[in-house]
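Below: the structure, in structure tokens.
The values are calculated or read from the model by the stated rules, or taken from the named source; none is laboratory data. Everything numeric in this text was worked out from a predicted model, so none of it was measured. Note that each Cβ is placed from the backbone with ideal geometry, even for glycine, and that neighbours are counted across all protein chains shown. To get the accessible areas, we keep the full protein, side chains included, count just its heavy atoms, and leave off ligands, DNA and RNA. Shrake-Rupley method; radii C 1.70, N 1.55, O 1.52, S 1.80 Å.
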Amino acid sequence: MTDLSLSPAARTVTATVNGEIIAESTKAQILKEGAYAPMYYFPKADVRMDALAASDKSTLCPHKGTASYWTINAGGRTAENSAWAYETPPTGLEAMAGHIAFYPFVVKFEEK
């Protein structure tokens, strides 16, 4: 297995698309995976699901399981398959269940 760790973010994390908030949470998780940049995962309850449209896309990661995707429609932008979640993550990553992540080239993150 690749080097994976999941931990709570220390502060409130906000996710915006062109200045429009699509997620804000005091309960975000940070996934660290090998040499990749850390990734925020937001509880669905803290995500503006009205700004997301479910996609038919899914992918399989041998370390995290199957991901489902959403298209983001916010801030005057449509970004296909730019949000995803692992609904049934493996042992050790259970805290990812019910959380959504966003591509950082679409969404700007801020900790405050």
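Give me the percent of the accessible area of the stretch 6-67 that comes from carbon and sulfur atoms, probe 1.4 Å, all protein chains in place. Could the numbers behind the result be given before it?
Details: 1770 of 3400 Å².
Carbon and sulfur atoms account for 52 percent of the accessible area of the stretch 6-67.
Less than 12 Å Cβ to Cβ from Thr71, Lys/Arg counted +1 and Asp/Glu -1: what total charge do the surrounding residues give?
0
Multiplying the sequence separation of Phe105 and Thr12 by 0.36 nm and subtracting their Cα-Cα distance, what value in nm do you get?
31.5 nm
I'd like the Karplus ³J(HN,Hα) series for the stretch 95-101: coefficients 6.51, -1.76, 1.60, θ = phi - 60°, whole numbers in Hz, and an x wherever there's a Gly or Pro.
Values, residue by residue: 5, 6, 4, x, 10, 10, 10 Hz.
If I build a Gaussian network model for the chain, linking alpha-carbon pairs within less than 10 angstrom, which residue out of Ser82, Ser58, Ser25 has the largest mean-square fluctuation?
Per the Cα network of the chain with a 10 Å cutoff, Ser58 tops the list.
Which order, highest average first, do 41-47, 105-111 follow once you tally other Cβ atoms within 10 Å for each residue and take the mean per peptide? Numbers along the way, then the final one.
On the way: 41-47: 19.0, 105-111: 14.9.
The densest-packed peptide leads the list: 41-47, 105-111.
Please compute, over every Cα-Cα pair in the chain, the percentage with a separation greater than 18 angstrom.
Tail of the P(r) past 18 Å holds 45 percent of the pairs.
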